[in-house]
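The values are calculated or read from the model by the stated rules, or taken from the named source; none is laboratory data. Keep in mind that what you see is a predicted model, and the values were worked out from it rather than measured. Every residue, glycine among them, receives a Cβ derived from its backbone with ideal geometry; neighbour counts consider all protein chains shown. We work out accessible area using only protein heavy atoms, side chains counted, and drop any ligands, DNA or RNA first. Shrake-Rupley method; radii C 1.70, N 1.55, O 1.52, S 1.80 Å.
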Amino acid sequence: MKASHRISHITGGGSDGWGLFYRARQMVAAGLPVTELTIGEHDIRTHPSILDAMDQAAQGGHTGYASVPGTHALRQAVADRIAKRTGVATTPDNIMITPGGQAALFASHHAVCDEGDRALFIDPYYATYPGTIRGVGAVPVPIAATPDHGFQPQAADVAAQADGAKSLLINTPNNPTGVIYTCDTLDGIAEVCRTHDLWLISDEVYDTQVWSGTHLSPRALPDMADRTLVVGSMSKSHAMTGSRVGWVCGPPDMIAHLTNLATHTTYGVPGFIQDAATFALNAGQALEDEVGAPFARRRHLTLKALEGQNAVLAVPVDGAMYAMLDIRATGQSGESFAEALLDAENIAVMPGESFGKAAAGHVRVAMTVADDAYTAAIQRIVAFAQDQAAKKQ
Ligand code: PMP
């Protein structure tokens, strides 16, 4: 029996660009001492106070079907958080709770794209983006944000692809680059969305991880609240990756459609998880700061390790939990550099090419191991790159 075209083509065929990640995992399984700087997963676990809230909710009986768009308390907590952070009036009617940001990305594209519609997204991109778009039957169209523009998408490049497109997906603070989109970038993008009647899907799952500059939610820009769906998540802000809880924030009529979609797909998010998320959001910023602190420290360690040499250059690490390193001075692709680094040093980093063509000649370092091990790894990466650059000459 044959699977549907839609599901059998989600990955788009060919390599998924994660070969190195799987090879590193095999080496770990074989007992080799590999330092894994590959995926965006904290090296701390969910805070005990959040787990206590989860336990109390479950023991207290919140284990039956929960309200499909989310509990009122959590939708209120998310709405309050967004209103406070962005200044845009937001109520529970603007919020639907989803099983993580990934489900929110899928639901958002489902809500705005019809079969065969063109859905724009920025390259470099978080690995699931093209597959998410294909998964709803739309056609993914990458728009390069190149290193010579500091990985900031250019409005003219978006406009050049916008005719007949339905949506544009952006992500700031950005995975994989660690770049935060500037006001100018977002103003330009918003203008293209208004002119070309595009939905903007704004992935802001790293909005609490800002190390330099300011995160601006484009929903707050003039006339954008009615055409923007913001994707949020507890995964990164509260080290709750495994709890699978996130949200879409958008106009109430879209939230009603998304609720219908959830009724026919996920049937909501477990109540005790939602109660834990409500507790975590109401605990305030101190908890978010605690979760983000290791990445702020390691960003500093990265910049220090890169001083005084030019075999490796850092793309400004303004936000999120990644350092994007420009290794073009070694003369290698991100892929060949990462493969050779894994063989020579037992250090696994992601080739830039895994995140699209625009990140070629770069590698992404997830700042997700303890400070000492991280410092040692980043110093060895720099030494290795210096070696490779010297051999090239
Ligand atoms: N968007 C981006 C940019 C991400 O990096 C991730 C996870 N790595 C997600 C969305 C999805 O996160 P989750 O489903 O855990 O909320």
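Details
- Any strands (runs of 3 or more DSSP E) falling wholly within segment 93-149 and containing at least 1 residues that are surrounded by fewer than 23 Cβ atoms within 10 Å (Cβ to Cβ): 118-123, 139-144
- When G31, G87, G17 are screened for being modelled with pLDDT of 95 or more and either assigned by TED's automatic domain parsing to the domain that holds T208 or surrounded by 12 or more Cβ atoms within 10 Å (Cβ to Cβ) (or both), only G87 passes.
- Exclusive hit being more than 14 Å from A107 (Cα to Cα) and more than 16 Å from the ligand (Cβ to nearest atom), set A286, A277, A256: A286
- Filtered residue count, segment 1-22, keeping only those that are in contact with a strand residue (DSSP E or B) (Cβ under 8 Å, 6 or more places away or on another chain) and in a helix (DSSP H, G or I): 2
- Residue tally, condition assigned to a helix (DSSP H, G or I), farther than 18 Å from N174 by Cα and of a type outside the set (K, R), over segment 227-245: 2
- Looking across E36, E41, one residue alone is at pLDDT 95 or above, outside any helix (DSSP H, G or I), within 16 Å of the ligand (Cβ to nearest atom) and not assigned by TED's automatic domain parsing to the domain that holds A256. It is E36.
- Condition check for Q209: within 16 Å of the ligand (Cβ to nearest atom) and either under 25 Å from A103 (Cα atoms) or of a type outside the set (S, T, Y) (or both): yes
- Scope segment 344-377; condition of a type in the set (S, T, N, Q) and either surrounded by fewer than 17 Cβ atoms within 10 Å (Cβ to Cβ) or closer than 16 Å to F295 by Cβ (or both); matching residues: T368, T375
- Taking the numbered list (1) out of contact with any helix residue (DSSP H, G or I) (no Cβ under 7 Å at 6 or more places or on another chain); (2) within 16 Å of the ligand (Cβ to nearest atom) in turn, D184 passes all entries but (2).
- Condition met for G319 (of a type in the set (G, A, S), touching a residue at least 12 places away in the same chain (Cβ under 8 Å) and open to solvent by 10 Å² or more (accessible area, probe 1.4 Å)): no
- When we screen S233, S237, S202, S217 for residues that are within 16 Å of the ligand (Cβ to nearest atom), closer than 22 Å to G164 by Cβ, in the same structural domain as Y125 (by TED's automatic domain parsing) and hydroxyl-bearing (S, T, Y), the only hit is S202.
- Whether a residue is part of a helix (DSSP H, G or I), surrounded by 18 or more Cβ atoms within 10 Å (Cβ to Cβ) and of a type in the set (D, E, K, R) was assessed, and R81 passes this test.
- A Cβ distance below 7 Å, combined with a sequence gap of six or more or placement on separate chains, defines the contacts here; from segment 96-122, residues that are of a type in the set (K, R) reach residues that are more than 8 Å from the ligand (Cβ to nearest atom) and in a strand (DSSP E or B) in the pairs R118/V139; R118/V141; R118/A165; R118/K166.
- Exclusive hit being open to solvent by less than 30 Å² (accessible area, probe 1.4 Å) and in a helix (DSSP H, G or I), set V291, V269, V248: V291
- Residue match in segment 158-166 (condition: in contact (Cβ under 8 Å) with a residue 40 or more places away in the chain, within 16 Å of the ligand (Cβ to nearest atom) and open to solvent by less than 20 Å² (accessible area, probe 1.4 Å)): no
- When segment 186-218 is filtered for residues that are farther than 21 Å from V112 by Cβ, among the hydroxyl-bearing types (S, T, Y) and open to solvent by 10 Å² or more (accessible area, probe 1.4 Å), the ones remaining, listed by number, are T208, S212, T214.
- In segment 297-308, the residue that is farthest from A370 (Cα to Cα) out of those that are out of contact with any helix residue (DSSP H, G or I) (no Cβ under 9 Å at 6 or more places or on another chain) and open to solvent by less than 70 Å² (accessible area, probe 1.4 Å) is L303.
- Every pair of residues 6+ apart whose Cβ atoms lie under 7 Å, when the first sits in segment 230-259 and is within 12 Å of V205 (Cα to Cα) while the second is of a type in the set (D, E) and within 12 Å of the ligand (Cβ to nearest atom): V230/E204; V231/D203; V231/E204; G232/E204; T241/E41
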